[in-house]
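What follows is a single structure, written as structure tokens, with notes after it.
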Amino acid sequence: MLSNYLGDKPFWRVTGRLALPIAIQNVLTSSFQLVDTLMVSQLGDVTLSAVGMAAQWGWLSNLLGFGLCSGMSVFVAQYWGVKDFKGIRRVLGMGILTALLLTAIFLSVALAAPAFVVSLFNRDPSVVDVGAQYLSIVCFSYPAVTLTNVLATVLRNTERVKLPMYVSAVTTVVNAVVDYGLIFGAFGFPALGVRGAALATCISAWMGPALILLFSAFEKNLLMGKLRELVAFNLRQLGEFCRRALPVVCNEGLWAIGTLVLNMIYSNQGYVYYAGMTIFRTFSELAFSFYVGLGNACVIMVGKSIGQGKIQRGVQDARRFSVLVPLAGLLIGGITILFRHPLISLFAMGDNLSAVTIETALAVTIFCSAEVMFRNVSYAQVVGVFRSGGDTLHGMVYDLSCLWLVSIPLTLLAAQVFHLPFLFVVMTAYLGEDIPKAILCLRHFKSLRWLMPVTEEGRTGLAEYRKRLMEGSS
């Protein structure tokens, strides 16, 4: 039946209730970078490229934080299924501790050697100088962003999806107003240029955790438990948390480093090309927010069912999301291609950007928007299905092997040996990673070896489900 793959009314009712607020929140969060890029683009190619390169360090920090939050989701969604509130708060405590340690490292490096960090991507003195100015200030937003994501992860996986959305709406508006004021000297603010963009990001970022905790105090939700419950974990529980979470953190970290290597390859072909790539990535992040909404809904619904021991329902919903997320990529990618000219014209006002930058942005937009359907196959499996089922290892293996053993070597050959045009280098990088990974992920999904519950109810339900499968095949 078609409903086995596209869902029925109850499935869509729950998916819409969970996915839409999460998607809106991610659209608002992505608007941080969009606002920065739109306004900074008025300062020219060099500044736009410099900020894009400096932002890669924060992106790496955020991606590690995302890995941590994904690892937390394995526990929180399944604990929520059996209403283990103390277990959820225990995971929250371990997540906060780990998040602060991770971001402290990135903040320290960016503060101590901002020019060195930017020079990893481009050695043009003007680009390094501007990028270092931006990075030395914006790095103070890293702990705030990760802490906001940790708190929002617990709220989302306990089906409190609207509060993070409301907070993101407030911080996005504040960021836009303060950004404009501090970059151009409006509303009585001093005109600080690129430093103003970084400072505005810091101010709005720190409003995130402050507002979440403030509203949570009024709501008395799960974030407001007793303080001792946050640290009420023993070595065995910490070991279990690390065993599940660290593969995801390593996955996101090593994948991010690999992506940074690809960005170095791109940027060394010329900052005008990289500026075009920066433009595409800015509005592609908005499109990706919808896939994040579906992915998070998958984690909540599948993880909750598996935690309760309702394995058949969890597998059925996982199959539906495995179809829906790539289909969403096909639809949104087509819309992006259709409206590529007005989207890119937002950044090209007057003579602030070169013709090469604009042409690069247009070409990359067409290819990447068409290719995103293949990228979403593995995204749905690794982030939505495997992790909600408790399997954090296989996704890491597939992610890293396809990136480091296939995509990066082929991209280096395309750029450094065959000297292919920039667009063909990008095509090599994307297809070299996404096609083999999609095949591996679909094979693993079919095997059902990703079902690894962390609750007793889930383990019992899995044993019964496997027994029924064996009886049905005999």
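Values for this structure:
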quantity	calculated
Residues within the range 255-311 that are over 28 Å from residue 42 (Cβ atoms), open to solvent by less than 10 Å² (accessible area, probe 1.4 Å) and either touching a Phe, Trp or Tyr at 6+ places or on another chain (Cβ under 9 Å) or among the polar types (S, T, N, Q) (or both), tallied	12
Evaluation of residue 391 against (1) buried (at least 23 other Cβ atoms within 10 Å of the Cβ); (2) at pLDDT below 95; (3) not hydrophobic (A, V, I, L, M, F, W, C) (one fails), failing number	(1)
Condition met for residue 223 (under 21 Å from residue 90 (Cα atoms) and either assigned to a helix (DSSP H, G or I) or modelled with pLDDT of 85 or more (or both))	yes
Long-range neighbours under 7 Å by Cβ, at least six apart or interchain, first residue within 25 Å of residue 87 (Cα to Cα) and in contact (Cβ under 8 Å) with a residue 24 or more places away in the chain within the range 440-459, second among the hydrophobic types (A, V, I, L, M, F, W, C) and not in a helix (DSSP H, G or I)	455/82; 457/82
Selected residue (only one of 192, 120, 100, 182 is without any contact (Cβ under 8 Å) to a residue 60 or more places away in the chain, surrounded by fewer than 18 Cβ atoms within 10 Å (Cβ to Cβ) and of a type in the set (A, V, I, L, M))	100
Subset tally (residues that are touching a residue at least 60 places away in the same chain (Cβ under 8 Å) and of a type outside the set (Ser, Thr, Tyr)) for the range 426-436	6
Hey, residue 200 assigned to a helix (DSSP H, G or I), out of contact with any strand residue (DSSP E or B) (no Cβ under 6 Å at 6 or more places or on another chain) and buried (at least 24 other Cβ atoms within 10 Å of the Cβ) or not	yes
Subset of the range 455-474 [under 28 Å from the mean Cα position of the chain (by Cα) and surrounded by fewer than 22 Cβ atoms within 10 Å (Cβ to Cβ)]	455
Condition check for residue 232: closer than 30 Å to residue 336 by Cα and surrounded by fewer than 22 Cβ atoms within 10 Å (Cβ to Cβ)	no
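The values are calculated or read from the model by the stated rules, or taken from the named source; none is laboratory data. All figures in this text were calculated on a predicted structure; none of them were measured in a lab. All Cβ positions, even for glycine, are placed from backbone atoms using ideal geometry, and neighbour counts span all protein chains on display. Please note that ligands, DNA and RNA were not included when accessible areas were found on the heavy atoms of the full protein model with its side chains. Shrake-Rupley method; radii C 1.70, N 1.55, O 1.52, S 1.80 Å.
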